[in-house]
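Worksheet: the structure to be examined is printed underneath.
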Amino acid sequence: MIKAKKLYLETFGCQMNVSDSEKIVTLMKGIGYGQTQEPGEADLVLLNTCSIRATAEQRMYGHLGKFKSMKKKRPELIIGVGGCVAQQEGEELLKKAPFVDLVFGTHNLHLLQKMVAGAEAGKKSVATDFLDDEKRFDLFPHAENEGGVTRFVTVMQGCDNFCAYCIVPHVRGREISRSADKVVEEVAALAVAGVTEVTLLGQNVNSYGFKEDAAPDFAELLFRVAEVDGIERLRFTTSHPKDISARLIDCFAQIPKLAPHIHLPAQSGSDEVLKRMNRGYTRADYLAKVRALEQACPGIQITGDMIVGFPGEDEAAFRETMELIEEVRYADLFSFIYSPRPGTKAAGFPDEVTRKEKQGRLELLQAAQKRITLARNQSLVGSVQRVLVEGASSSGDSLFGRTGGNRGTVLHGDLALAGHIVEVRITEGLQTLLKGEILHA
């Protein structure tokens, strides 16, 4: 009897990498690899990596090292690295980690079956070429339609904004939008498989379709996806503030299925810092978009990203960022110390902010946001929220779901409610989640 081959896959970074990993699982099934959660059982280990910050890249290299001893004991074990670090490093990755067998970039998933077959025959390979035509979408398989409650659907890849600190255009390539018909086709197939909620993905979904005169814009795509039978809730990420249109903002008032949540990264509250970052908007521009969103969708939950310690950020600029946080009152905020990334414009900027100053600012910012998040969660106590039940909670003795505003919620009920939206009265607001009781099952 032929032994079934096993794939162990780890994913680092953003939702785009999560989506790519779903496709990798489908590809590997096509050549006989079933997935395992135990690395010791694996015949093939793949890491889908992130390089958006230096710490993420360093963590990946440190993590990769744990597979070196496994390879020494089992030379037949195949180890591969994909994603953004692979795109950035290419051949250099094999020099840094010679026990790795294959390196595949962000545009090369379609080559993975062939590369793994080559590794099975003892051949190392590297593929990091960019594909600059929309045909690249045709080279990527849909993830297997095994159902589930929520799924990601890629609508575009790459970014043309070239923010001074950001490596995304260098590792994901230039913007290209996927055919609206193909997006709707994939969403419809997921709905048939039992999916209730889809999140449309892109590095900057707001510029979807801009390059094609006859193509629908992102707002039109949202309307089309919302018409798919079986899809009860619709989300999208990520939005660049300079590109979010009045038409897209109006979608929050006009599309009932569109969740009342948006991730809108500001990155700084200082106009001078925003200018050096090449963000393309001012603090006033950003706040005007926030107020327009709140008017279109009262109660909308806004999350964001913030960078501290960007080159040239003085104490006054940092205070402006802190003031912005208090003014917007984000539901949640991902915050990081600036780290230079190779190939970006900011990597050449003089940086006079000390590490100690950066760390101190980050701690102040995170403490403020922690307070705001808890207060916002507590303010929901007594309200009735529409919660999409995703399944059992991590403890196993209750259910877990998310409100339209993307607040994780724990509640008691029958597991058969998974995939259904239920009305829930919020009884407790904690730091990282809500607790509630079902009103109507």
Considering only residues that are open to solvent by 30 Å² or more (accessible area, probe 1.4 Å) and charged (D, E, K, R), which ones fall in the range 4-36? Lys5, Lys6, Glu22, Lys29
Residues that are of a type in the set (A, V, I, L, M), open to solvent by less than 20 Å² (accessible area, probe 1.4 Å) and in contact (Cβ under 8 Å) with a residue 40 or more places away in the chain: find the helices (runs of 4 or more DSSP H) completely inside the range 161-235 holding 2 or more of those. 180-192, 218-226
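The rows are residues; the columns are (1) in contact with an Asp or Glu (Cβ under 9 Å, 6 or more places away or on another chain); (2) modelled with pLDDT of 95 or more; (3) open to solvent by less than 50 Å² (accessible area, probe 1.4 Å).
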{"site": "Ala266", "(1), (2), (3)": "yes, yes, yes"}
{"site": "Val273", "(1), (2), (3)": "yes, yes, yes"}
{"site": "Arg291", "(1), (2), (3)": "no, yes, no"}
{"site": "Cys297", "(1), (2), (3)": "no, yes, yes"}
{"site": "Thr303", "(1), (2), (3)": "yes, yes, yes"}
{"site": "Asp332", "(1), (2), (3)": "no, yes, no"}
Need pairs with beta-carbon distance below 6 Å; first residue over 22 Å from Arg291 (Cβ atoms) and within the range 313-338, second small (Gly, Ala, Ser); sequence gap 6+ or separate chains. Ala317/Ser270; Ile337/Gly309; Tyr338/Gly309
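Would you point out which residue out of Gly405, Gly391 is in a strand (DSSP E or B) and open to solvent by less than 40 Å² (accessible area, probe 1.4 Å)? Steps first, please.
Numbers: Gly405 fails: in a strand (DSSP E or B).
Going through Gly405, Gly391 in turn, just one is in a strand (DSSP E or B) and open to solvent by less than 40 Å² (accessible area, probe 1.4 Å): Gly391.
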A careful count of residues in the range 327-360 that are in contact with a helix residue (DSSP H, G or I) (Cβ under 9 Å, 6 or more places away or on another chain), farther than 21 Å from Arg279 by Cα and in a helix (DSSP H, G or I) gives 1
Test: residue in the range 314-328 that is under 30 Å from Gly173 (Cβ atoms) and of a type in the set (D, E, K, R): no
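The values are calculated or read from the model by the stated rules, or taken from the named source; none is laboratory data. Small disclaimer: the values here were computed from a predicted structure and weren't measured. FYI the Cβ positions are ideal-geometry reconstructions off the backbone, even for glycines, and counts take in every protein chain you see. The accessibility values were calculated without ligands, DNA or RNA, using every heavy atom of the protein model including side chains. Shrake-Rupley method; radii C 1.70, N 1.55, O 1.52, S 1.80 Å.
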